[in-house]
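What follows is a short report on a single structure.
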Amino acid sequence: MEIIDPNILLNAYSQGVFPMGEDGEIYWYDPDPRTIIPLDNFHIPRSLAKRIRKGGFEVRYSSNFRRVMELCSAPAPGREETWITPPIIDSYCILNEHGFAHSVETWIDGELVGGLYGVTLRGLFAGESMFSRATDSSKIALVYLVQRLRKQGFLLLDTQFTTNHLLRFGATEISRDAYQRRLKVAMQVDPSFI
């Protein structure tokens, strides 16, 4: 499996398609239904809001993008294999170098303990994966991501698939057609993530 050309990746995202690595191959996906988190409907659970107010962490943006991807790809209980293969990591690191992929990182006492990464293309943030090595650390990163997307004028937060974790924040499934309509609108604006 080779690195994916950044232009191919960006073209795919502009059409609602994204890659995943498996068995040494790249497969392209366009799920139906598609999961999004509506930015105007984002819900922060009360216990998480309390944890954020308590502090004791630092949030950084794209300060160690490759490491976030490596930690997202690490085996975890119930997930011994990952779709985030070395060529996928290299491909997205190139997007990061060109300003089209970003990480949101939670640091505690100088250690990267949680975070997420995704692709930004015009008004779209396509969330790819997240990891947590300390309680609530990936959730904190998600809260800060949504705050940044709202502030910067992004319109669409795509999480691709539904998880129980994301449902707590207001994730919802929509049809492929509904996603395509939202994506078309998101492609009409051009906010900056940083």
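Only the coordinates and a few stated rules stand behind these numbers; no lab work does. The structure presented is a predicted model; accordingly, all values stated were derived computationally and were not measured. Virtual Cβ from ideal backbone geometry, glycine too; neighbours counted across all protein chains shown.
Taking 22 Å as R0, compute the FRET efficiency from the Cβ-Cβ separation of Arg66 and Asn41 and round it to 0.05. Given R0 = 22 Å and the Cβ-Cβ separation, E is 0.10. Extending 7 Å from the Cα toward the beta-carbon at both Gln152 and His98 defines two label points whose distance is 1.7 nm. Toward the positive end of the charge dipole of the chain, with +1 on the Cβ of Lys and Arg and -1 on the Cβ of Asp and Glu, the farthest Cα among Met187, Tyr61, Gln152 is that of Gln152.
Across the stretch 6-186, the volume of the C-alpha convex hull divided among the residues equals 115 Å³ per residue.
Let me know the charge dipole size of the chain about its Cα centre in debye, to the nearest 20, where only the beta-carbon of Lys, Arg (+1) and Asp, Glu (-1) is charged. With Lys and Arg at +1 and Asp and Glu at -1, about 1280 debye. Given contacts defined as C-alpha pairs under 8 Å and at least six residues apart, what's the relative contact order of the stretch 6-186, whole-number percent? Relative contact order here is 31 percent. For Lys54, the aspartates and glutamates whose Cα comes closer than 13 Å to its Cα, not counting residues fewer than 8 places off in the same chain, are Asp136. With K and R counted +1 and D and E -1, the other residues having a Cβ less than 14 Å from that of Ile108 yield a net charge of 0. Stretched out straight at 0.36 nm per residue, the stretch from Ser192 to Arg168 would grow longer than its current Cα-Cα span by 5.9 nm. Helical content of the chain, expressed as a calculated mean residue ellipticity at 222 nm, amounts to -10500 deg cm²/dmol (DSSP H runs of 4 or more residues, -39,500 (n - 2.57) each, divided by residue number, nearest 500).
What's the center-to-center distance, using Cα atoms, between the stretch 60-121 and the stretch 11-26 in Å? Going from one Cα centre to the other spans 16 Å.
Exposure proxy shown here: for Glu70, Glu97, the number of other Cβ atoms within 10 Å sets the order, fewest to most, as Glu97, Glu70.
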